Amino acid sequence: YDDEQDLSASLTTAMCDYGFAFDSLIERLMDGDTSFLGRTNLFDLSSGGIGLPEENPHLSKDTLEAVEQAAEAIKSGEILITVK
């Protein structure tokens with residue numbers, strides 16, 4: 001950590017938005033949709049279930065722009081994420 005420049009060695013990672021997931025599921029229940037109960041529900045980048053924190057003083061404007069471009073490429077399918 002550098003006190004003079006207000007820099008830290010911690011890395012920023014994507015965050016799960018549990019509030020978004022909770023609100024989405026409750027909204028579906030309120031609409032009478034129970035089809036998701038007992039099933040795995042995926043909340044990903046495209047659905048808004050994960051992302052970076054709104055405020056992050058440790059990422060430069062250039063880095064944030066690069067992350068946003070990559071996120072858009074993932075959402076559009078230009079970049080495909082696979083799990084093995």
Placing each pseudo-label 7 Å from Cα in the direction of the beta carbon, Thr63 and Ile79 end up separated by a distance in nanometres of 1.5
Heavy atoms of Ile79: accessible area, 1.4 Å probe, square angstrom to 10:
70
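Could you pull out the GluC sites (Glu not before Pro) across the range 31-75 that fall in loop regions by DSSP (anything but H, G, I, E, B) with no more than 13 other Cβ atoms inside 10 Å?
Numbers: sites: Glu54, Glu55, Glu65, Glu68, Glu72; in loops: Glu54, Glu55.
The qualifying sites are Glu54, Glu55.
The values are calculated or read from the model by the stated rules, or taken from the named source; none is laboratory data. Model, not experiment: these values are computed from the prediction. Reconstructed Cβ throughout: ideal geometry from the backbone, glycine too, with neighbour counts over all protein chains shown. All accessible areas refer to the heavy atoms of the entire protein, side chains included, with ligands and DNA or RNA removed. Shrake-Rupley method; radii C 1.70, N 1.55, O 1.52, S 1.80 Å.
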